[in-house]
Amino acid sequence: MAAVLRSSRLTPVGVSAVVGVLVVAGLVSARYGLGTVDATTALHVSMLVTLLGACYVLDDPAAASLVAMPVGPLHTTALRMTVGSVLVGASWLAQLALAPQLVTSSADWHPLGLVVEPFAILTAVFAVGAWRIGARPERSAAPAALLVLFGYYAIMLFAPESFVLVASSADHVWSASRVRWVVLLLAGLIGDWWVLRRL
């Protein structure tokens, strides 16, 4: 396991996880009085920053090291996914803990309802990245993973009202958007499972 971790590109995800927290902490310390909508937008910006580094987690700098590892590609990829998820998760929970201090309005706001969002995106990022490097470990997973990440954000920005994903708890589409995120998370987990089985 130590050999796998040493060969993994954890620096990008670690840095982006820290910067994601700093984005929210900076807004809080600067005493920007945001409403629920603005605070939700700020969190989605910090979430993007946090997820950027995760797109590089599955890349193997040594490329051929997957073959030389004492564990197979299945366990290597699964371990890298797990470590990346832990780093992203810790960062996101820290951001959500800081988030209520961004909101100065009296509107009812539940940032914990946003917990599932980065993990839904992360499962898709990992599934596509693992699929890309599955047959050829020397390839980089990052280009495909970044495409998925920005594709998700494009959908979040331009989705029709019937498929709204970004909402604050004061919006009438809040509950429906949470259900959609849970469905996307489950779809991503199924994708991860399917890809890992084929490694």
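The values are calculated or read from the model by the stated rules, or taken from the named source; none is laboratory data. Keep in mind that this is a model prediction, so the values were computed, not measured. Note: ideal-geometry Cβ built from the backbone for every residue, glycine included; neighbour counts use all protein chains shown. SASA here: full protein model, heavy atoms, side chains in, ligands and nucleic acids out. Shrake-Rupley method; radii C 1.70, N 1.55, O 1.52, S 1.80 Å.
Checking Leu58, Leu27, Leu10, Leu34 one by one, the residue that is surrounded by 15 or more Cβ atoms within 10 Å (Cβ to Cβ), in contact with a Lys or Arg (Cβ under 7 Å, 6 or more places away or on another chain) and modelled with pLDDT under 90 is Leu58 and no other. Residues that are over 15 Å from Leu52 (Cβ atoms) and either modelled with pLDDT of 90 or more or not charged (D, E, K, R) (or both) within the stretch 129-153 comprise Ala130, Trp131, Ile133, Gly134, Ala135, Pro137, listed in sequence order.
Within the stretch 120-142, none of the residues are part of a helix (DSSP H, G or I), in contact with a Phe, Trp or Tyr (Cβ under 8 Å, 6 or more places away or on another chain) and open to solvent by 30 Å² or more (accessible area, probe 1.4 Å). Exactly one residue out of Ser177, Ser162, Ser85 is surrounded by fewer than 18 Cβ atoms within 10 Å (Cβ to Cβ), part of a helix (DSSP H, G or I) and among the hydroxyl-bearing types (Ser, Thr, Tyr), and it is Ser162. Take the residues of the stretch 102-116 that are part of a helix (DSSP H, G or I) and in contact with a Leu (Cβ under 9 Å, 6 or more places away or on another chain): which is modelled with the highest pLDDT? Per the criteria, the residue is Val116.
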